1. What is the set of long-range amide H partners of residue 24 at a cut-off below 5 Å, with H atoms built 1.01 Å from backbone N?
2. How do 347-360, 256-269 rank on mean C-beta neighbours within 10 Å, highest first?
3. Taking the Cα of residue 165, stepping 7 Å toward and past its beta carbon, and measuring to each backbone N in segment 203-238: which are under 19 Å?
4. Please give the calculated 222 nm ellipticity per residue for the chain, where each DSSP H segment of at least 4 residues contributes -39500 (n - 2.57) and the sum is spread over every residue; nearest 500 deg cm²/dmol?
5. In a Gaussian network model over the chain where Cα atoms closer than 10 Å are linked, find which of 181, 43, 110 has the largest mean-square fluctuation.
6. Using amide H atoms built 1.01 Å from N in the peptide plane, name the residues 5+ places from residue 216, or on other chains, whose amide H lies under 5 Å from its own.
7. Quick one: if you stick a label point 7 Å off each Cα along the C-beta vector at residue 394 and residue 16, how many nm between them?
8. Can you list which of the trypsin sites (Lys or Arg not before Pro) found in segment 1-42 are DSSP loop residues with at most 14 other C-beta atoms within 10 Å?
Amino acid sequence: MRCAERAQALARSLAEADVDCLLISAPANLRYLTGFSGSSAIALIWSAERAAAGEHLFISDFRYEEQAAAEVPPGYEQLFLSAAGPRREAFGLLCERLPAGGGRLAFEAAHLTVAALRRLEAHLPERWSARPLEGDLIERMREVKDREEIERIAAASKLADAALAAELEVGIEGRSERELAASLEHRMRLLGASAASFPTIVASGAHGALPHAQPREAAIARGCLVTIDWGALHEGYCSDCTRTVAVGRPSEHAREVYEIVLAAQQAALEGLHSGLCGYEVDELARSLIAAAGYGDRFGHGLGHGVGLEVHEAPRLGPRRAPAQGERAPSGEERDGERGRGDEAARALRAGTVVTIEPGIYIAGELGVRIEELVVLEDQGIRTLTSLPRQLIEL
């Protein structure tokens with residue numbers, strides 16, 4: 001689904017949500033709907049019922065005029081500020097295009113700050129009101145990737161894998177965690193990435209017990225496990241992968257923990273298919289880790305969506321317990337709607353790209369995480385990562 005088609009689909013959803021237009025300010029949503037890859041812009045999408053109001057609006061400043069002309073598709077009126085000024089000037093330009101008679105302008109509640117909302121409201125014409133958009137319409141659209149999106153994610157994953165393979169070939173013993181992380185990110189850029197999709201994690205020995213460890217100046221020593229979590233940003237789309245490798249021969253306990261995590265990941269990969277809820281996939285891996293006696297050492301969710309952002313919907317994690325007085329979700333809500341507000345209770349759909357990344361973290365000793373990036377298809381799954389999942393001993 002290309003940008004113009006996405007905007008049309010969103011316009012139909014806005015009509016159903018009883019709003020006249022939607023202000024787009026989140027960069028990822030803006031790129032998804034307009035194709036614009038710059039750093040400063042907003043857009044206004046009219047609902048299908050208000051199509052007579054004119055074209056959708058795209059507003060940036062003079063720095064991006066040529067770029068927007070090349071990236072933003074027909075169907076948008078493009079407006080540009082003469083200077084790179086505050087967002088309130090863009091809001092003012094947008095509100096000048098709102099027709100007389102009043103209406104309901106929705107905004108992305110998860111992305112617009114209170115201060116920005118106040119600036120927007122100060123420019124609204126008479127009988128126009130601003131309201132938060134209920135639900136997560138655009139994020140739900142983004143969950144299901146089209147062929148081109150999947151190809152870009154696969155390309156990002158391929159170059160990221162090639163970069164780590166090259167670093168492992170050079171050898172990592174004696175190098176600092178920080179130097180290895182920097183070298184890996186540099187190598188991804190040389191292979192075609194525009195950037196790392198997130199700050200690279202390199203954590204050796206006991207430091208690996210921190211799931212989001214920051215690389216240190218500490219040298220990687222022989223006999224320890226090293227967790228490397230990295231990804232590439234390529235043509236706007238992200239990859240995400242984790243491998244835990246051994247420098248020399250690991251202890252028997254380290255090997256045992258690794259095999260438990262690997263078995264948990266394999267169980268989740270074998271059971272994963274569209275139609276399952278995120279918490280059901282999470283349980284496939286979590287139950288095995290718990291049965292091995294490490295349930296309290298796996299504190300994060302099993303996975304998450306990957307696309308324009310490295311962490312996006314859906315969520316694969318434990319089911320959120322209903323709050324006091326809150327009802328359980330109905331079958332219809334479980335079958336793909338947000339229901340209780342728990343993304344893990346929604347059914348996964350074909351075309352979704354997710355990570356499967358169980359882990360065990362033992363404070364003061366070691367950490368193990370193994371992460372695959374997969375796309376759900378009509379029949380099963382396809383793995384986008386290519387490096388071996390069996391323990392690599394360097």
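1. Answer set, sorted by chain and number: 43, 44, 45.
2. Values: 347-360: 22.9, 256-269: 20.4.
The densest-packed peptide leads the list: 347-360, 256-269.
3. Residues 228-234 qualify, since their backbone N sits under 19 Å from the label point.
4. Details: 11 runs with 132 residues, N = 394.
So the helix-based figure for the chain works out to -10500 deg cm²/dmol.
5. Judging by the Gaussian network model, the answer is 110.
6. 177, 178
7. The answer from the label model is 5.0 nm.
8. Working: sites: 2, 6, 12, 31; in loops: 2.
Listed in order of number, the matching sites are 2.
Read the figures in this text as sums done on the coordinates, not as results from a lab. Bear in mind the structure is a predicted one, so any value in this text is a computation, not a measurement. Ideal geometry is used to build each Cβ from the backbone, glycine not excepted, and the neighbour counts take in all protein chains shown.
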